[in-house]
1. When the dipole is taken about the Cα centre of the chain, and only Lys, Arg (+1) and Asp, Glu (-1) are charged at their Cβ, what size is it in debye, to the nearest 20?
2. I'd like the Karplus ³J(HN,Hα) series for segment 323-334: coefficients 6.51, -1.76, 1.60, θ = phi - 60°, whole numbers in Hz, and an x wherever there's a Gly or Pro.
3. Could you list which residues have their amide H under 5 Å from that of residue 379, counting only those 5 or more apart in sequence or on another chain, with H placed in the peptide plane?
4. Can you grab the distance from the C-alpha centre of segment 263-279 to the C-alpha centre of segment 310-327, Å, no decimals?
5. Which order do peptides 54-60, 124-130, 189-195 fall in by mean Cβ count within 10 Å, highest first?
6. So what is the calculated 222 nm ellipticity per residue for the chain, using -39500 (n - 2.57) for each DSSP H run with n of 4 or more, over all residues, to the nearest 500 deg cm²/dmol?
7. Could you pull out every residue, at least 5 positions away or on a different chain, whose amide H is within less than 5 Å of the one on residue 149? Hs are placed 1.01 Å off N in the peptide plane, and Pro or chain starts have none.
8. If you average the sequence gap of Cα pairs under 8 Å that are 6 or more apart and divide by the length of segment 59-300, what percent do you get for the contact order?
Amino acid sequence: MLNERLDLLADYPFSRLANLIAGLSPRSNETPVVMSVGDPQHQPPAFATEILGANADKWNAYPPLQGTAELRQAIVGWLERRYRLAGGTIDFETQIAPVAGTREGLFIVALLAVSRAKNGATPVALMPNPFYQVYYGAAVMAGAEPVFLTTTRETGFLPDLDAIPADTLARTAIFYLCTPGNPQGAIATREYIAKAIGLAREHDFLLVLDECYAELYYGDAPPPGGTEVAHAMGRGPKGHPLDNVVCMHTLSKRSSAAGMRSGFALGSPATIQALNRLRSYSCAATPIPIQMASAALWRDEAHAIQTRALYKAKFESARRHLGGMAGFRAPEGGMFLWLDVGDGEVATKKLWAETGIKVLPGAYLTKNERDGSNTGKPFVRVALVHDLETVDRALARIAKVL
Ligand SMILES: Cc1ncc(COP(=O)(O)O)c(C=O)c1O
């Protein structure tokens, strides 16, 4: 009775982690700290929750699936500021679709992009390895063959675009690319993004840029995004700069508002129209009070600047405590440390048993290579999602144990 593709969905990394540490109890009497999950533990700014409260009379109505004009205009205002685009570059009427968190958007775009066959063969979904689990789930449920692109220190923690075989590109229907990346925090350059867009146009697939960490960066300049690169490249094959490109953004990280489930997709009018059509058959529209609070969050920069400064301070703390470790690398963006600890599962068990700190083995985010090896195996992912003091103390405990 059940779709046999469900069998392809392996255990989500967090169930594997629960199994790994089942039966181990922390020997220390310090408070356990969960650093395995990427849920920001700070609060969104108070004005957002005040808007939710003040608009409690609007829960009766079905919300507009395509988003209120206020929300879409606020999003376009943010995109223009963030990517230094001239006013009017993006049309709020036709190019923005709100999504109930980018998780939903990332899943549903696979159904848009993957047809029964591509050039007479099974369509391919390209994704980095390690990868955000939803890319894989979306790919297999849409009937695509997931193809994993190794990302290691040698590739700059981004897929090597020159290494994708021509016969794979010919079958590619969708390519998920995350910048800044989860888990390694690498940032794609303008040239890199332009090359990926070029491939998408040449081979007519959808490039999905998961830019949900776009506001968490620690260098001087904000990371480039698909929006600005596509516009700089000019019109695509169907006459629009965003042909073959969708960019996904969220308030979950920028505004520490993961519980609001509020993000958006930006694309060409044709893509956004198709996405809205598909979503009207399948997805939950974002409630009106949440759309109102979201609009206010996209309009406000002050809290995003504060949030970035807070993460920056946490990564400075990481450098102080762990910078001397051979496997330490400070990420360019995002909210994770990707630490080479020799064996991620062994270190995860040790950290939990000896000091009550829960991290995630890198192998749980990484598919095995064809030869059976796993490039994530030596790593653990540590989410710096708590307040600065908690993170600072937890990192000191990690340093002591490792
Ligand atoms: C790489 C990546 N993409 C997308 C998401 C989904 O974010 P949300 O659905 O909260 O917008 C996450 C969440 O952790 C993520 O790490």
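Bear in mind that the values in this text are calculations on the coordinates, not laboratory data. Predicted model, so just to flag it, every value in this text is computed and none were measured. All Cβ positions, even for glycine, are placed from backbone atoms using ideal geometry, and neighbour counts span all protein chains on display.
1. Details: 40 positive and 39 negative charges, 65 e Å.
Rounded to the nearest 20 debye, it is 320 debye.
2. x, x, 6, 4, x, 7, 8, 7, x, 7, x, x
3. Answer set, sorted by chain and number: 341, 344, 362, 363.
4. Computed from Cα coordinates, the inter-centre distance equals 39 Å.
5. 124-130, 189-195, 54-60
6. Estimated from H runs of four or more residues: -12000 deg cm²/dmol.
7. So residue 149 has HN proximity to 127, 129.
8. Taking the mean separation of contacting Cα pairs over the length of segment 59-300, I get 28 percent.
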